[in-house]
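Undergrad: After the structure tokens below, expect a handful of questions from me.
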Amino acid sequence: MHGGGGEIESKWLLPSRPPAGWLAAHDARPLRIEQTYLRRAPGELLRRVRAIEAEGRVACVLTEKRGTGAGLGVREEHEHELDRVGDERLLAERDPELGTIRKTRHVCRFGGHVLEIDVLEQPPGFVFLEIELGSPDEAVDLPPVLPIIREVTEERAFLNVELARHAAR
């Protein structure tokens, strides 16, 4: 987790979760994530609260994001760890038009990058591979065993906030 700065991500849509054997062979660590978006006024930063469960511990993180104008995969981002009291107070500010995203994130290393493979339970039916990059033109070596449907980094419909709209239905 970082306090602030930017992030450059590439995101791909997968047809299904990776084979369990592949995840095990790459020491993929599962994280259970519940992601809730908060109300905001026009022009304000996008805000979300994540509860992240790993190995029996739960961490809560407030993330504030803003696009930089350099594409959907490039954003200014600030994260702050919360205690459960702060989490509950913020969740009272939940955006009623956006549902909570629930997913299992499998984190592993491949080709010099950290891969994050998200298997969504809510909304159901989506699986994504995300890789954080050092620059927008950085080369990425994708695992050949993962059947990539297509890159969706620049497709607004696959932003998490848009997926939260589906989760609210």
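The values are calculated or read from the model by the stated rules, or taken from the named source; none is laboratory data. Note that this is a predicted model, so its numbers are computed, not measured. Heads up, the Cβs are rebuilt from the backbone with ideal geometry, glycines too, and the neighbour counts pull from every protein chain shown. Please note that ligands, DNA and RNA were not included when accessible areas were found on the heavy atoms of the full protein model with its side chains. Shrake-Rupley method; radii C 1.70, N 1.55, O 1.52, S 1.80 Å.
Undergrad: Please turn the phi angles of the stretch 20-27 into ³J(HN,Hα) values with the Karplus equation 6.51 cos²θ - 1.76 cosθ + 1.60 (θ = phi - 60°), one per residue in order, whole Hz, x for glycine and proline.
TA: 4, x, 5, 4, 5, 5, 9, 6
Undergrad: Turning to a different aspect of this structure: Based on the Cβ-Cβ distance from Leu13 to His80, what FRET efficiency comes out when R0 is 25 Å, to the nearest 0.05?
TA: 0.25
Undergrad: First check a/c for the stretch 125-169, with a ≥ b ≥ c the square roots of the eigenvalues of its C-alpha gyration tensor; if it is under 1.5, answer rounded, and if not, answer prolate when a/b is larger than b/c or oblate otherwise.
TA: It comes out oblate by the Cα gyration axes.
Undergrad: Which residue, His78, Gly21, Ala168, has the largest displacement toward the positive end of the dipole of the chain when charges sit on each Cβ (Lys, Arg +1; Asp, Glu -1)?
TA: Highest projection toward the positive end goes to Ala168.
Undergrad: Suppose R0 equals 30 Å. What FRET efficiency, 1/(1 + (r/R0)^6) with r the Cβ-Cβ distance, do Glu88 and Arg165 give to the nearest 0.05?
TA: Efficiency for this residue pair is about 0.80.
Undergrad: Something else about it: If we sort 111-117, 131-137 on the protection proxy, mean other Cβ atoms within 10 Å, highest first, what's the order?
TA: Result, highest mean Cβ count within 10 Å first: 111-117, 131-137.
Undergrad: For the chain, what does the accessible surface come to per residue with a 1.4 Å probe? Please give it in Å².
TA: I get 52 Å² per residue for the chain.
Undergrad: Using +1 on the beta carbon of Lys and Arg, -1 on that of Asp and Glu, and nothing else charged, what's the dipole of the chain about the Cα centre, debye to 20?
TA: Computed about the Cα centre, the dipole is about 560 debye.
Undergrad: On alpha carbon coordinates alone, what is the Rg over Rh value for the chain, Rh being the Kirkwood radius?
TA: Radius of gyration over Kirkwood radius for the chain works out to 0.94.
Undergrad: How much of the accessible area of the chain, in percent, comes from carbon and sulfur atoms when a 1.4 Å probe is used?
TA: Solvent-exposed carbon and sulfur of the chain make up 51 percent of the total.
Undergrad: Another question, if that's okay. Between Ala139 and Ala59, 0.36 nm times their residue separation minus their Cα-Cα distance comes to what?
TA: My answer for the length gained is 25.6 nm.
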